[in-house]
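J.: One structure, as structure tokens, below. Some questions next.
Just so you know, all these numbers are worked out from the coordinates, no wet-lab data involved. These numbers come from a predicted model, not from an experiment. Note that each Cβ is placed from the backbone with ideal geometry, even for glycine, and that neighbours are counted across all protein chains shown.
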Amino acid sequence: MSIQPALEQRSEPKPTPASAWWLVSLAICFEIGDVMGLNFSEGFSLLLPTALALAAFATALYLVSHVMKWLPVSVAYPIWTGGGTAGVAALGVLALHEKAGVWKSLGVVMVMAGIVLLNVTPVNHGG
């Protein structure tokens, strides 16, 4: 007796575009959280920040995997990582009092511009 027919019957509906954007935004928040946890883990030597960083990263991966049901990987992954990069840079400046020079600021603006360009490019789900 094969379980294949049972597996074929079980299918999850694809998220709507609105839920995909909600999920990618949430994944970006968890990505920022995991990097902040890494910052405070002191090389994985402190248990709580390490555990929080790993849990946040696992959650971010889980969320972005669901985003890829709707958005192609060439759009979903750069948005997730770019949003995380911009968020970490902003949080580093605002909360950790890192210096925000012209080049760092320009880099963040360019990352955000890349995300905008990915979003205005028509999505081709086919090959």
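J.: Looking at the square roots a ≥ b ≥ c of the eigenvalues of the Cα gyration tensor of region 17-63, which shape do they give, rounded for a/c under 1.5, prolate if a/b is larger than b/c, or oblate?
T.: Working: a/c = 4.78, a/b = 3.01, b/c = 1.59.
In terms of gyration-tensor shape, prolate.
J.: Could I ask something else about it? For the pair Ala18 and Leu54, what calculated FRET efficiency results from E = 1/(1 + (r/R0)^6), where r is the Cβ-Cβ distance and R0 = 30 Å, to the nearest 0.05? Write out the running numbers ahead of the final one.
T.: Numbers: r = 30 Å, r/R0 = 0.99.
Once rounded, the FRET efficiency stands at 0.50.
J.: So what is Rg over Rh here for region 17-120, counting just Cα atoms and using Kirkwood for Rh? Walk me through the intermediate numbers first.
T.: Numbers: Rg = 14.4 Å, Rh = 14.3 Å.
Across region 17-120, the Cα-based Rg/Rh ratio is 1.01.
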